[in-house]
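Quick note: the coordinates plus some simple rules give every number you see, no bench work behind them. Here the structure is a predicted model, which is why all the values come from computation and not from measurement. Neighbour counts are summed over all protein chains in view; Cβ atoms, including those assigned to glycine, are modelled from backbone coordinates with ideal geometry.
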Amino acid sequence: MPNIRPRRRTLLASAATLPLLLATAGCRSSDVFTGPDPLAGRPRPAPDVITLAAVIAAEENLISLYRTALAGDSAATARSYDLPALLAQHEQHLTRLRARLIQPPGTATAAASPRPSAKPSAAAPARVTIARLCAAERASAAGLVRRLATVEPALAQLFASIAASDATHVTVLGG
Amino acid sequence: MGEITGVSALRAALAAEDAAIYGYGVAGAHLSGGRQAAAEQYWERHNKARDTLTAMIYALGAQPVTAQAFYSLPFPVHDRTSAMALAAYLEDGVTRAYLAVVAVSDQRLRDFGAMAMQSSAERAAYWRGSTQAFPGLSR
């Protein structure tokens, strides 16, 4: 059986040769890793991530408005404008938007925030009228279109599709 | 998949508008009253959109696609219900086509595509009687 243990002389020769090989290849030790310093804390989020987080927050606010409207309006009003169906579509928007946001664990973002199912946010008014919902839908559609310029194509398509959905909600709400 | 060019996306949108113009002619024959009036109004809007797209394609130094003389319908249209379903189907096709325009790098084209999507999604909702969460996108 051959002896496969490296000899001391072989190890010493390898240690002496490694810097020479790196130099030949044009590498310095500082070139081995040129990415962000892993000890300098979290890297800044990319522009797409910032935009997506803002859109998620806006969608959460819209959902909060719908929940307030449903809690305050009569059943007949909610039914005539099909508010539960519109709310369900906004929840679908939120789910798909959140699925696009991938962030390191422990990052405080809209994606990590609790689902707004329990109660409206503190900023939500006590009563939300149909006219208010209609204006919010219109503003949401316009806001999404304004953000198209700053995101990659697939995300722009998602924003445009959600904006189109919001536009149809405006019509349902009588806008 | 390569980047979608503005010209190819606009040509696809033009083809969808041409199909809608043809299809509304079929659907309108089976509608009456307010729905027929809506079909006529939407037919005119698709004609206007076709002219706009044609001009945009020429402005980009390209040739627009020519409309077909005949389009095969996705299903038989013989009454009001199927006519409305056809109109919704046509609008969905237009929405998908404009969705591709949103994917181009030109910001003005993205905005144009997004606004056109809103119009076609609203018309589709009218014919379908309900809204969709993601117009133009596959579920």
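Here are the numbers for the structure shown:
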{"quantity": "Within 10 Å of each Cβ in B:94-101, the average number of Cβ atoms from other chains", "calculated": "2"}
{"quantity": "Sorted by Cβ density within 10 Å, fewest first, the residues A:S80, B:S119, A:S161", "calculated": "A:S80, B:S119, A:S161"}
{"quantity": "Listed peptides B:94-107, B:76-89 by packing density, highest first (mean Cβ within 10 Å)", "calculated": "B:94-107, B:76-89"}
{"quantity": "Note, ³J(HN,Hα) from phi for the stretch A:86-93, Karplus 6.51, -1.76, 1.60, rounded to Hz, x at Gly and Pro", "calculated": "5, 4, 4, 5, 5, 5, 5, 4"}
{"quantity": "Cα-based convex hull volume of the stretch B:6-128 per residue, rounded to whole Å³", "calculated": "87 Å³"}
{"quantity": "Pairwise FRET efficiency - B:Q41 versus B:D106, Cβ, R0 = 30 Å, nearest 0.05", "calculated": "0.50"}
{"quantity": "Summed side-chain charge close to A:R147 - residues other than A:R147 whose Cβ falls under 14 Å, Lys, Arg +1, Asp, Glu -1", "calculated": "-2"}
{"quantity": "Whole-number percent relative contact order across the stretch B:1-115, with pairs defined as alpha carbons under 8 Å at least 6 apart", "calculated": "40 percent"}
{"quantity": "In order through the stretch B:72-78: 3J(HN,Hα) via Karplus (6.51 cos²θ - 1.76 cosθ + 1.60), integer Hz, x for Gly, Pro", "calculated": "7, 7, x, 7, x, 10, 9"}
{"quantity": "Among B:Q63, B:A19, B:L137 - extreme Cα towards positive end, dipole of chain B, charges at beta-carbon", "calculated": "B:L137"}
